[in-house]
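**Student:** Following this message is one structure expressed as structure tokens.
The values are calculated or read from the model by the stated rules, or taken from the named source; none is laboratory data. Quick caveat: nothing in here was measured; it's all calculated off a predicted structure. Please note: Cβ atoms are built from the backbone with ideal geometry, for glycine as well, and neighbour counts cover all protein chains shown. Accessible surface is based on the protein model in full, side chains and every heavy atom, while ligands, DNA and RNA are left aside. Shrake-Rupley method; radii C 1.70, N 1.55, O 1.52, S 1.80 Å.
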Amino acid sequence: MTTTTRTVLISGASVAGPALAYWLRRHGFVPTVVERAEAVREGGYAVDFRGEALDVLDRMGLLEQIRELDTEMGDAAMVDAEGRQYATLPAVIFAGDLEVLKGDLTRMLHEATRDDVEYVFGDSIASLTEDEHGVEVTFERGAARRFDLVVGADGLHSRTRALTFGPEEQFVRHLGIYTAIFSLDNYLGLKNTGRLYAAPGKAANIFTARANTEARAAFHFAAEHLEYDRHDRAGQQRIIAERFADDGWEIPRLLQEAAQAPDFFFDANAQVEMDTWSKGRVVLLGDAGYCAGPTSGRGTSQALIGAYILAGELAASGGDHATAFAAYEREMRGYATEHQTLGREGAERFFMPAPTQEILDMLAAQAPENTRTTPVRLRDYAASSPESAAAAAAPGTA
């Protein structure tokens, strides 16, 4: 390093945080990851990867392992309230070049970094006090510590963002959709497929997972901003039950499953819009700074690519955070903005009337073009940083 920057606190251990920790360790930094949950989060729906995100996984040496976990999802059936299929949804519309369960990806990233990265589970940042030489951090549970830099990779409801930039309401833009996701048994006996049900302003689906041994289900409904407690799971489950109380198909069974699912998750579909992603020694990564929304299909790819670029720019600048943060944003800004456009467009047509097979086939034919975005440049940062090359070769480096 050409400066004294070495220690980096990362808030969030989902995808962006561990991915950043991996690359920071490779470049000779000393990352610490703090996560509010007591352990690695195993829940979540399937996530897909496209374009440069596959390159990042390959450079991490994880691509082949990830491919082994591919859901291999095929086309899905669209059904009415009686369970009768009226159309087939081609997989090319909803799946990327590679699709895995988010929990599997999070676990793999943790396993790839846990031997060389400090993880602190069951805690979160309480305050940040920055001075000329670093950031003093207090935690909800643990003792105060000091770091050279702090990275908020803590998602849509980022605590790091709130502490540094201001309240959530200034930056989060609601897309008019709420979603609940949970795990359940594959009681329908589906094989590499799913079932989708739609009614005016709402939808539900179930897809197979983990070689058809499990399933993941979701409820979606249209609504403007709702007042509810994000930490009250029972209250969130009541919201879903009330919204879908009169629906047919498998809805009654899915509501029962949701009520007892240990990994039940409920939240708004939203985006994060900010004029800048950094302030002093604090920077935001992934959904915390530029969430595109689930309807973009790009959140996981953005997290992986953003982590690679942020760590690389810190290495290339010799640890000069001001230079690195500006370069990171310059490289990622257009890419993230384009994905947010995709997210808004996806939200607008999410609850469209039951489509005919002709329309679905047309969308499938257009999918490769409609999902193509402007490539983001992936520099070979290891080659540009002598310090990172030495760190990568050092014993015990991730």
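**Student:** Evaluate the range 146-157: report whether one residue or more is more than 18 Å from Ala21 (Cα to Cα), at pLDDT 95 or above and either surrounded by fewer than 15 Cβ atoms within 10 Å (Cβ to Cβ) or not hydrophobic (A, V, I, L, M, F, W, C) (or both).
**Tutor:** yes
**Student:** Of all residues in the range 316-336, how many are hydroxyl-bearing (Ser, Thr, Tyr) and open to solvent by 40 Å² or more (accessible area, probe 1.4 Å)?
**Tutor:** 1
**Student:** What single numbered condition from (1) under 22 Å from Glu42 (Cα atoms); (2) surrounded by fewer than 18 Cβ atoms within 10 Å (Cβ to Cβ) fails to hold for Tyr178?
**Tutor:** Going through (1) under 22 Å from Glu42 (Cα atoms); (2) surrounded by fewer than 18 Cβ atoms within 10 Å (Cβ to Cβ) one by one, Tyr178 breaks only (2).
**Student:** Being out of contact with any helix residue (DSSP H, G or I) (no Cβ under 7 Å at 6 or more places or on another chain) and touching a residue at least 60 places away in the same chain (Cβ under 8 Å) narrows it down to one residue among Glu82, Glu42, Glu68; which is it?
**Tutor:** Glu82
**Student:** Hey, another quick one. Restricting attention to the range 43-58, which residues are assigned to a loop (DSSP other than H, G, I, E, B) and of a type outside the set (Lys, Arg)? Steps first, answer last, please.
**Tutor:** Step one: of the range 43-58, the residues assigned to a loop (DSSP other than H, G, I, E, B) are 43-45, 50-51.
Across the range 43-58, the qualifying residues are Gly43, Gly44, Tyr45, Gly51.
**Student:** Now a separate question. Of the numbered conditions (1) of a type outside the set (Lys, Arg); (2) at pLDDT 95 or above; (3) assigned to a helix (DSSP H, G or I); (4) open to solvent by 60 Å² or more (accessible area, probe 1.4 Å), Glu82 satisfies every one except a single condition; which is it?
**Tutor:** With respect to (1) of a type outside the set (Lys, Arg); (2) at pLDDT 95 or above; (3) assigned to a helix (DSSP H, G or I); (4) open to solvent by 60 Å² or more (accessible area, probe 1.4 Å), Glu82 is out only on (3).
**Student:** Mind checking which residues of the range 305-353 are within 28 Å of Pro90 (Cβ to Cβ) and touching an Asp or Glu at 6+ places or on another chain (Cβ under 8 Å)?
**Tutor:** The answer is Ile305, Gln340.
**Student:** Hey, another quick one. Hey, among the residues in the range 277-315 that are within 26 Å of His133 (Cβ to Cβ) and basic (Lys, Arg), which one's surrounded by the most Cβ atoms within 10 Å (Cβ to Cβ)?
**Tutor:** For the range 277-315, the residue satisfying everything is Arg281.
**Student:** I'd like to check which helices (runs of 4 or more DSSP H) are fully inside the range 312-393 and have at least 1 residues that are under 19 Å from the mean Cα position of the chain (by Cα), of a type in the set (Asp, Glu) and at pLDDT 90 or above.
**Tutor:** Per the criteria, 321-348.
**Student:** Let me ask something else. What's the number of the only condition in (1) surrounded by 14 or more Cβ atoms within 10 Å (Cβ to Cβ); (2) closer than 19 Å to Leu184 by Cβ; (3) at pLDDT 95 or above that Gln256 fails to meet?
**Tutor:** Going through (1) surrounded by 14 or more Cβ atoms within 10 Å (Cβ to Cβ); (2) closer than 19 Å to Leu184 by Cβ; (3) at pLDDT 95 or above one by one, Gln256 breaks only (1).
**Student:** Which of the strands (runs of 3 or more DSSP E) found entirely inside the range 92-173 contain at least 1 residues meeting this: in contact with a helix residue (DSSP H, G or I) (Cβ under 7 Å, 6 or more places away or on another chain)?
**Tutor:** Filter on the range 92-173 gives 98-101, 125-130, 149-152.
**Student:** Give the residue, chosen from His231, His225, that is in contact with a strand residue (DSSP E or B) (Cβ under 7 Å, 6 or more places away or on another chain), part of a loop (DSSP other than H, G, I, E, B) and over 19 Å from Ala199 (Cβ atoms). Walk me through how you get there before you give the answer.
**Tutor:** Details: His231 fails: in contact with a strand residue (DSSP E or B) (Cβ under 7 Å, 6 or more places away or on another chain).
One residue alone meets the criteria, His225.
**Student:** Out of Ala245, Ala215, report the one residue that is among the aliphatic types (A, V, I, L, M) and open to solvent by less than 10 Å² (accessible area, probe 1.4 Å).
**Tutor:** The conditions single out Ala215.
**Student:** How about the range 1-26: which of its residues are open to solvent by 10 Å² or more (accessible area, probe 1.4 Å), more than 15 Å from Ala112 (Cα to Cα) and part of a loop (DSSP other than H, G, I, E, B)?
**Tutor:** Of everything in the range 1-26, those that are open to solvent by 10 Å² or more (accessible area, probe 1.4 Å), more than 15 Å from Ala112 (Cα to Cα) and part of a loop (DSSP other than H, G, I, E, B) turn out to be Met1, Thr2, Thr3, Thr4, Arg6.
**Student:** Within the range 193-212, how many residues are over 15 Å from Gly83 (Cβ atoms) and either open to solvent by 50 Å² or more (accessible area, probe 1.4 Å) or of a type in the set (Lys, Arg) (or both)?
**Tutor:** 4
**Student:** Tell me, yes or no, whether the range 102-109 has at least one residue that is over 30 Å from Ala211 (Cα atoms), surrounded by 20 or more Cβ atoms within 10 Å (Cβ to Cβ) and at pLDDT 95 or above.
**Tutor:** Looking through the range 102-109, none of the residues is over 30 Å from Ala211 (Cα atoms), surrounded by 20 or more Cβ atoms within 10 Å (Cβ to Cβ) and at pLDDT 95 or above.
**Student:** Then there's this: One residue is enough: does the range 180-193 have a residue meeting the conditions in a strand (DSSP E or B), under 21 Å from the mean Cα position of the chain (by Cα) and free of Cβ contacts under 8 Å to residues at least 60 places away in the same chain?
**Tutor:** No.
**Student:** Quick check: anything in the range 329-347 hydroxyl-bearing (Ser, Thr, Tyr), out of contact with any Leu (no Cβ under 6 Å at 6 or more places or on another chain), in contact (Cβ under 8 Å) with a residue 24 or more places away in the chain and under 30 Å from Ala199 (Cβ atoms)?
**Tutor:** No, the range 329-347 contains no residue that is hydroxyl-bearing (Ser, Thr, Tyr), out of contact with any Leu (no Cβ under 6 Å at 6 or more places or on another chain), in contact (Cβ under 8 Å) with a residue 24 or more places away in the chain and under 30 Å from Ala199 (Cβ atoms).
**Student:** In contact with a Phe, Trp or Tyr (Cβ under 9 Å, 6 or more places away or on another chain) and over 26 Å from Val100 (Cα atoms): does that describe Gly235?
**Tutor:** Against the criterion (in contact with a Phe, Trp or Tyr (Cβ under 9 Å, 6 or more places away or on another chain) and over 26 Å from Val100 (Cα atoms)), Gly235 qualifies.
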